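Taking it in order: structure first as structure tokens, then the write-up.
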Amino acid sequence: MIQLSIDQLSKSFDSTLVLNNLTFHINYGEFVSILGPSGSGKSTIFNLIGGLLLPDSGTIQLKGEKINGKRGSISYMPQTPSLLPWRTILQNVLLGQEIQGKTNPETARKMLYKAGLKGYENAYPQELSGGMKQRAAFIRALLSPQPVILLDEPFSALDELTRHEMQTWLLDIWNEHKPTILFVTHNIEEAIYLSDRILLLSTKPAQVVQEVTVPFTRPRKEELFLDENFLACKRGIHAAFKLQQR
Amino acid sequence: MKNVFVKGWRPAAVLLLLFILWEIAVKLADVPAWLLPPPTDIFKEAIEGWNGLQLHLRSTVMLSLLGFAIGTGIGLLTAVLLHLIPFIREAIYPLLILSQNVPIIVLAPLLVVWLGFGILPKLIVITLVCFFPITVAALDGFRQTPGELKHYMLMAGASKDQLFWKLELPYSLPSLFSGLKISATYSVMGAVISEWLGAKAGIGVYMTLASSSFRTDRVFVAIFAIMGLSLLFFGAILLAERLLVKWKPREAKKK
Ligand SMILES: Nc1ncnc2c1ncn2[C@@H]1O[C@H](COP(=O)(O)OP(=O)(O)OP(=O)(O)O)[C@@H](O)[C@H]1O
Ligand SMILES: [Mg+2]
């Protein structure tokens, strides 16, 4: 069942066309990644879905309702944690709920415990490591009442080891709550490891050039990274991008 | 608070040394007291004349506090208006800077001509010197809010109100407090200047009386009183800042 659908979306800045008739959809409870090179327009897609920008043409529909230019319809996690430095971690993860209306500190506490942030409820963001901050930022997005979560390269600023740890952690949480996720990345392995489906984006202007359905069953283990089929899948995506650049 | 004493002993020692040098110099050169009294005379006068001085002090403190409160209120209100309505910012901000170039010493007597000797012209003088640092500091704070935080708030659906109350205002607090510190010390100066215009009591009045009767020791008592008051106000703001602002913007933290 389709939850979020993007239809014939175009957007240009000044006279450069960034998105050209972009079309895709996400089903309920699906984990979809958008994979594209730097500057291809991935963040622009999010800004459009988030209602910060208006498309030149096309529609964005959430549960069949048009949300062009309507802010606050989705939940969001940016590349930097963007936690407010004067709020404790607990107050920070409640911010998304607070903006929309009611807060629920009890569930927030429980989620912080499960995320390994027990004992940090009353700490300030400065006291946390990069990975911990990203966990808090994700919990903030998860607690927000909106049904779809957009993640914009959430782990790209982390070191390799922490990133792997975070990916596994994200899969665990996702398995438990099964929220609908649209995940932006330019890391091919990350996209394969996490998603149900991957949309490959071309540059200038951005279009979905190929859609890859990831064949691996869940729950996925970290050993998957070394699997033959995983590498084959990665090779396939590489080839698709190569073909694009010509 | 302990910290203040630990750090405070060095300037205190320098001050003491200065007083000692001053005392010795005056005694050795036999300077007449109406020209430059020795520090011991000044302290003696401060203690002996305490009863008379008290009245003036109280009046100046009340006036400064009231003026500071009004100045802060108007300063904040101006900052919020200028911040939220860009059209007003463009029209008014340059004029605000211009208003700071009008010398208070010239403006003050004019205010008396227009408004009489009541408390109103005095409050206007203090407000004029107080509000500007606060407006500038608050505006800077609002505008320096990091783009990434603003972007998150907007994506999460924050209204303009929520953006201001949950993000821009708390973010501006450290900056706002730097403005408040400046204004707090200015407010004492403003009060004294406004008392020169004519008042029943106040350090400004005490000072005018002292200098016209060549009581130089009393002039110095007044100067020290003004310095002490300014320091006290500054300390009070510092304390409030400690209690209210438990975080610092990134640049400031690195030190
Ligand atoms: N507000 C804007 N005004 C003008 N041009 C913009 C604006 N936002 C984005 N662009 C341009 O649109 C293009 C796509 O930018 P976008 O940030 O969406 O890319 P991205 O895929 O998210 O890149 P990255 O992987 O580096 O985050 C870029 O060429 C950028 O210069
Ligand atoms: Mg981006």
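Give the dimensionless ratio obtained when the Cα radius of gyration of segment A:1-155 is divided by 2.2 N^0.38 Å. Walk me through the numbers before you get to the answer.
On the way: Rg = 16.8 Å, N = 155, 2.2 N^0.38 = 15.0 Å.
Its radius of gyration relative to the 2.2 N^0.38 Å reference: 1.12.
So what's the protein assembly as shown giving for Cα Rg divided by 2.2 N^0.38 Å, two decimals?
It is 1.37.
What is the Å³ per residue value for the convex hull set by the Cα atoms of segment A:112-246?
About 132 Å³ per residue, rounded to a whole number.
In whole Hz, with x marking every Gly and Pro, tabulate ³J(HN,Hα) for segment B:150-167 from phi via Karplus 6.51 cos²θ - 1.76 cosθ + 1.60, θ = phi - 60°.
5, 4, 4, 4, 5, 4, 6, x, 5, 7, 4, 4, 4, 4, 6, 6, 8, 10
Can you pick out the pairs among A:LYS42/B:LYS166; B:LYS7/B:LYS166; A:LYS42/A:LYS133; A:LYS66/B:LYS160; A:LYS178/B:LYS248 whose Cα atoms lie more than 31 Å from each other? Numbers along the way, then the final one.
Numbers: A:LYS42/B:LYS166 28 Å; B:LYS7/B:LYS166 35 Å; A:LYS42/A:LYS133 23 Å; A:LYS66/B:LYS160 23 Å; A:LYS178/B:LYS248 38 Å.
Pairs exceeding the cut-off: B:LYS7/B:LYS166; A:LYS178/B:LYS248.
What average number of partner chain Cβ atoms lie no more than 10 Å from the Cβ of the residues making up A:73-79? Let's see the in-between values first.
Details: counts 1, 3, 3, 7, 3, 5, 1.
Going residue by residue through A:73-79 and averaging, the value is 3.
Determine the share of segment A:15-131's accessible area contributed by carbon and sulfur atoms, expressed in whole percent, with a 1.4 angstrom probe.
Numbers: 2310 of 4830 Å².
For segment A:15-131, the apolar C and S fraction of the accessible surface comes to 48 percent.
Which of rounded, prolate or oblate describes segment A:82-145 when judged by the alpha-carbon gyration tensor and an a/c cut-off of 1.5? Walk me through the numbers on the way to the answer.
Numbers: a/c = 1.66, a/b = 1.34, b/c = 1.24.
Note, shape of segment A:82-145 comes out prolate.
Looking at the protein assembly as shown, what % of its DSSP beta bridges pair antiparallel, to the nearest 5? If you can, show how the numbers build up before the last one.
Details: 20 of 38 bridges.
Looking only at bridges with both residues in the protein assembly as shown, the antiparallel portion is about 55 percent.
Hey, got a sec? Which trypsin sites (Lys or Arg not before Pro) in segment B:134-229 land in a DSSP loop and have at most 13 other Cβ atoms within 10 Å? Show your work: numbers first, answer last.
Details: sites: B:ARG143, B:LYS150, B:LYS160, B:LYS166, B:LYS181, B:LYS200, B:ARG215, B:ARG218; in loops: B:LYS200, B:ARG215.
Loop-located and lightly packed - B:LYS200.
From the backbone phi of segment B:119-125, what are the Karplus-calculated ³J(HN,Hα) couplings (6.51 cos²θ - 1.76 cosθ + 1.60, θ = phi - 60°) in whole Hz, Gly and Pro given as x?
Values per residue, Gly and Pro as x: 7, 4, x, 5, 5, 5, 4 Hz.
Determine ³J(HN,Hα), in whole Hz, for all residues of segment B:218-233 in sequence, where each value follows from phi through the Karplus function 6.51 cos²θ - 1.76 cosθ + 1.60 and θ = phi - 60°; x replaces Gly and Pro.
Once θ is set to phi - 60°, the couplings for segment B:218-233 become 5, 4, 5, 4, 4, 4, 5, 4, 5, 4, x, 4, 4, 4, 5, 4 Hz.
State to the nearest 20 debye the size of the charge dipole of the protein assembly as shown about its Cα centre, where the only charges are +1 on K and R beta carbons and -1 on D and E beta carbons. Walk me through the numbers before you get to the answer.
Working: 49 positive and 38 negative charges, 82 e Å.
About 400 debye.
Can you tell me the dipole magnitude for chain B around its Cα centre, using point charges on the Cβ only (Lys, Arg +1; Asp, Glu -1), in Debye to the nearest 20? Don't jump to the answer; show the numbers that get you there.
Numbers: 23 positive and 14 negative charges, 181 e Å.
Value, rounded to 20: 880 debye.
Using a loss threshold of 10 Å², tell me which positions in segment A:54-71 are less accessible in the complex than in their chain alone. Probe radius 1.4 Å, ligands and nucleic acids ignored.
So the qualifying set is A:ARG71.
Sequence gap at least 6, Cα distance under 8 Å: using those rules, report the relative contact order of segment B:78-237 to the nearest whole percent. Working shown, then result.
Values: 153 pairs, mean separation 37.6, N = 160.
Relative contact order here is 24 percent.
Measure off 7 Å from each Cα along the Cα-to-Cβ vector at A:GLU165 and A:LEU54, then give the distance between these two points in nanometres to one decimal.
Between A:GLU165 and A:LEU54, the label points sit 4.6 nm apart.
With all protein chains present, calculate the accessible area of A:TYR120 using a 1.4 Å probe and round the result to the nearest 10 Å².
80
Between the helical axis of B:50-84 and the dominant principal axis of chain B, each derived from Cα atoms, what acute angle in degrees is found, rounded to the nearest 10?
20
Which order do you get for B:PHE43, A:PHE216 if you rank them by accessible area with a 1.4 Å probe, largest at the top? Could you put the intermediate results ahead of the total?
On the way: B:PHE43 95, A:PHE216 30 Å².
My answer, sorted largest first, is B:PHE43, A:PHE216.
Where in segment B:150-166 does accessible area fall by at least 30 Å² between the isolated chain and the complete protein assembly, at a 1.4 Å probe radius?
B:HIS151, B:TYR152, B:MET153, B:LEU154, B:MET155, B:ALA156, B:GLY157, B:GLN162, B:LYS166
Roughly speaking, what is the centre-to-centre gap between segment A:30-71 and segment B:35-58 when only Cα atoms are used, to the nearest Å?
Taking the Cα centre of segment B:35-58 as reference, the centre of segment A:30-71 is 73 Å away.
Of the options B:SER211, B:LEU65, B:GLY198, report the single residue whose Cα projects farthest towards the positive end of the charge dipole of segment B:54-254 (beta-carbon charges: Lys, Arg +1; Asp, Glu -1).
The listed residue farthest towards the positive side: B:LEU65.
Hey, any idea what the orientation-averaged projected area of the convex hull of segment B:54-254's Cα atoms comes to, in nm²?
Working: hull surface 54.3 nm².
Its Cα hull, projected and averaged over all orientations, spans 13.6 nm².
What's the FRET efficiency of B:GLN54 with B:ALA33 using the Cβ-Cβ distance as r and R₀ = 35 Å, to the nearest 0.05?
On the way: r = 24 Å, r/R0 = 0.68.
Here the calculated transfer efficiency is 0.90.
About its Cα centre, how strong a charge dipole does segment A:82-145 have in debye, to the nearest 20, once Lys and Arg get +1 and Asp and Glu get -1 at the Cβ? Walk me through the intermediate numbers first.
Values: 9 positive and 4 negative charges, 33 e Å.
Taking the Cα centre of segment A:82-145 as origin, the dipole is about 160 debye.
Sort out for me the Cα centre separation of segment A:211-234 from segment A:142-201, rounded to whole Å.
15
Could you put A:THR103, A:THR59, A:THR88, A:THR16 in order of accessible surface area, largest first, with the 1.4 Å probe and the full protein assembly present? Don't skip to the answer; put the middle values down first.
Values: A:THR103 60, A:THR59 40, A:THR88 15, A:THR16 85 Å².
Listed by decreasing accessible area, they come as A:THR16, A:THR103, A:THR59, A:THR88.
Leaving ligands, DNA and RNA out of it, rank A:LEU194, A:LEU158 by accessible area with a 1.4 Å probe, largest first. Let's see the in-between values first.
Numbers: A:LEU194 0, A:LEU158 25 Å².
Accessible-area ranking of A:LEU194, A:LEU158, largest first: A:LEU158, A:LEU194.
At 1.4 Å probe radius, can you tell me the per residue accessible area of segment A:112-242 in Å²? All intermediate terms of the calculation are to be shown ahead of the outcome.
Working: 5800 Å² over 131 residues.
Dividing the accessible area of segment A:112-242 by its residue count gives 44 Å².
Find the accessible area per residue for segment B:54-254; the probe is 1.4 Å, ligands and nucleic acids are left out, and the unit is Å².
On the way: 10020 Å² over 201 residues.
Spelled out: the 1.4 Å probe surface of segment B:54-254, per residue, equals 50 Å².
Using 1/(1 + (r/R0)^6) with R0 = 35 angstrom and r between the beta carbons of B:LEU107 and B:GLU241, what's the FRET efficiency to the nearest 0.05? Show your work: numbers first, answer last.
Numbers: r = 31 Å, r/R0 = 0.88.
After rounding, the FRET efficiency stands at 0.70.
Using a Förster radius of 45 Å, what is the FRET efficiency between B:LEU17 and A:ARG109 based on their Cβ-Cβ separation? Nearest 0.05, please.
Details: r = 58 Å, r/R0 = 1.28.
With a Förster radius of 45 Å, E is 0.20.
For B:ILE88, what accessible surface area do you get with a 1.4 Å probe? Give it in Å², rounded to 10.
We get 50 Å² for B:ILE88.
Considering the options B:ALA156, B:ILE124, B:ALA138, tell which one lies farthest towards the positive end of the dipole of segment B:111-243, charges being +1 on Lys and Arg and -1 on Asp and Glu at the Cβ, about the Cα centre.
Farthest towards the positive end: B:ILE124.
Roughly speaking, to the nearest percent, how much of chain B's 1.4 Å accessible area is carbon and sulfur? Intermediate values should be presented prior to the final figure.
Details: 10660 of 14470 Å².
Solvent-exposed carbon and sulfur of chain B make up 74 percent of the total.
Chain pair B, A: how much accessible area is buried, both chains summed, with a 1.4 Å probe, in Å² to 100? Walk me through the intermediate numbers first.
Values: alone 15490 and 11830 Å², together 25330 Å².
Buried area (both sides, nearest 100 Å²): 2000 Å².
The values are calculated or read from the model by the stated rules, or taken from the named source; none is laboratory data. Quick caveat: nothing in here was measured; it's all calculated off a predicted structure. A quick note on method: Cβ atoms are made from the backbone with ideal geometry, for glycine too, and the neighbour counts reach across all protein chains shown. Keep in mind that these areas ignore ligands, DNA and RNA; they rest on the heavy atoms of the full protein, side chains included. Shrake-Rupley method; radii C 1.70, N 1.55, O 1.52, S 1.80 Å.
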